[in-house]
Amino acid sequence: MMKKFLVQLLLFSALTLFLPIAAAALCGGAPQTSAFTTFLSQQESTTGQSAQTQDAAQEVVLPILNSATGEVEQVPLRDFLIGAAASEMPASYQDEAIKAQIIAAHSYALANRDAQQANPDPDLKGAWFAANPDGHEGYIRPDGLKAVWGDQYQEYYDRLAALVDEVGGLVVTYEGNPALTTYYALCNGTTETSEAVWGQALPYLVSVDSALDLTSPDCEQTLTLSMQDVYDKLNLAFYTLDLSGTPDTWFGQTERDAAGYVSTVQIGGQTIKGTELREALGLRSADFTVTVGEDNAFTFTTRGFGHGVGLSQYGANALAITGKRYDEILSHYYPGTALAEI
């Protein structure tokens with residue numbers, strides 16, 4: 001049953017996980033194969049064997065669909081983990097937070113592998129998941145890191161490589177299987193459930209406290225859209241809305257879930273999910289309020305950045321600053337899971 005849920009949830013989450021995160025990127029800008037399976041079945045332990053971990057990780061390849069070119073690329077595991085850490089967290093983040101991110105990216109990749117083996121998605125062309133390395137979505141290639149980091153390339157690369165070599169053999173598991181370890185930039189102080197976002201409940205993707213996210217200067221943001229822009233976006237996404245009234249009547253009653261995110265909102269005579277409205281209007285978070293000004297412009301105030309399910313990258317770094325280790329960070333954001341070596 002858990003594998004069935006995982007397969008279904010991946011179909012919904014894959015498009016939203018690997019998005020560029022403007023507030024958290026090492027580059028300073030804006031979230032699979034028979035050889036790998038053989039490797040997983042043959043490896044027993046890599047504890048205390050950093051060189052062996054490095055060699056083995058470099059030999060393993062992940063089939064990843066390049067969403068920009070439509071080609072399936074064979075990406076060495078070590079390159080992927082380094083590139084994923086680089087695309088998801090800034091250089092200023094603590095080592096323990098980055099190690100948690102590395103393990104989460106690895107676990108997510110393996111969860112996709114298992115899902116594709118159980119129920120292949122023909123659109124992926126045999127790949128485990130899609131990413132856009134040139135757009136810094138999901139991971140960044142080594143040559144891309146050189147272009148981004150410039151003179152600091154060797155310093156940053158060596159640091160991330162050392163962290164990957166330390167924890168690259170670890171994955172987050174639930175009941176012995178790789179967990180779907182989703183992640184995002186920061187939340188509203190409480191993480192969201194997978195059921196609220198993707199319609200499938202997973203026991204380790206539940207709401208947990210992440211109050212330190214509220215210390216981020218980027219947690220609360222505002223976005224102002226013109227009346228015409230909101231009108232066009234709403235009609236494009238939902239088609240049959242009645243927006244014949246004045247703009248201040250378009251948005252009605254709002255319902256929130258236990259985590260504080262908008263679950264539903266009444267718009268133009270319809271009940272719209274908060275997650276759907278977030279996507280339609282390009283909002284940073286599903287925790288939002290809306291006001292209409294005298295000029296009929298809409299101002300949306302959001303708290304958090306991303307879908308809010310699983311590991312908060314800002315929260316992970318904040319926990320690391322307080323002295324939490326990577327394993328403690330992961331167990332906090334994915335309750336009920338365990339770390340396992342592969």
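The values are calculated or read from the model by the stated rules, or taken from the named source; none is laboratory data. Given the structure is predicted, the values throughout are model-derived calculations rather than measurements. Every residue, glycine among them, receives a Cβ derived from its backbone with ideal geometry; neighbour counts consider all protein chains shown.
Values computed for the structure shown
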item	result
Checking residue 327 against (1) surrounded by fewer than 18 Cβ atoms within 10 Å (Cβ to Cβ); (2) assigned by TED's automatic domain parsing to the domain that holds residue 243, the condition it does not meet	(2)
Helices (runs of 4 or more DSSP H) wholly inside region 168-282 containing at least 3 residues that are surrounded by fewer than 17 Cβ atoms within 10 Å (Cβ to Cβ) and modelled with pLDDT of 95 or more	227-238
Positions within region 300-333 being of a type in the set (S, T, N, Q) and either assigned to a strand (DSSP E or B) or closer than 23 Å to residue 180 by Cβ (or both), in sequence order	301, 302, 312, 313, 317, 331
Criterion violated by residue 294 - all others in (1) out of contact with any Lys or Arg (no Cβ under 7 Å at 6 or more places or on another chain); (2) not in a loop (DSSP other than H, G, I, E, B) satisfied	(2)
Residue pairs meeting the criteria (Cβ under 8 Å; at least 6 apart or on separate chains; first assigned to a helix (DSSP H, G or I), in region 81-97; second of a type in the set (Asp, Glu) and surrounded by fewer than 24 Cβ atoms within 10 Å (Cβ to Cβ))	87/137
Output for region 102-137, where each listed residue is part of a helix (DSSP H, G or I), under 17 Å from residue 179 (Cα atoms) and in contact with a strand residue (DSSP E or B) (Cβ under 7 Å, 6 or more places away or on another chain)	103, 104, 106, 107, 109, 110, 111, 112, 114
Region 47-77 - residue that is surrounded by 20 or more Cβ atoms within 10 Å (Cβ to Cβ) and modelled with pLDDT under 75 and, of those, farthest from the chain's Cα centre (by Cα)	53
Residue within region 83-104 that is touching a Pro at 6+ places or on another chain (Cβ under 7 Å), modelled with pLDDT under 95, surrounded by fewer than 22 Cβ atoms within 10 Å (Cβ to Cβ) and closer than 27 Å to residue 278 by Cα present	no
Lone unmet requirement of (1) under 17 Å from the mean Cα position of the chain (by Cα); (2) closer than 21 Å to residue 171 by Cβ for residue 90	(2)
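Yes or no, residue by residue, for (1) modelled with pLDDT of 95 or more; (2) hydrophobic (A, V, I, L, M, F, W, C); (3) out of contact with any strand residue (DSSP E or B) (no Cβ under 6 Å at 6 or more places or on another chain); (4) more than 21 Å from residue 218 (Cβ to Cβ):
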| residue | (1), (2), (3), (4) |
| --- | --- |
| 293 | yes, no, yes, yes |
| 306 | yes, no, no, no |
| 314 | yes, no, no, no |
| 334 | yes, no, no, yes |
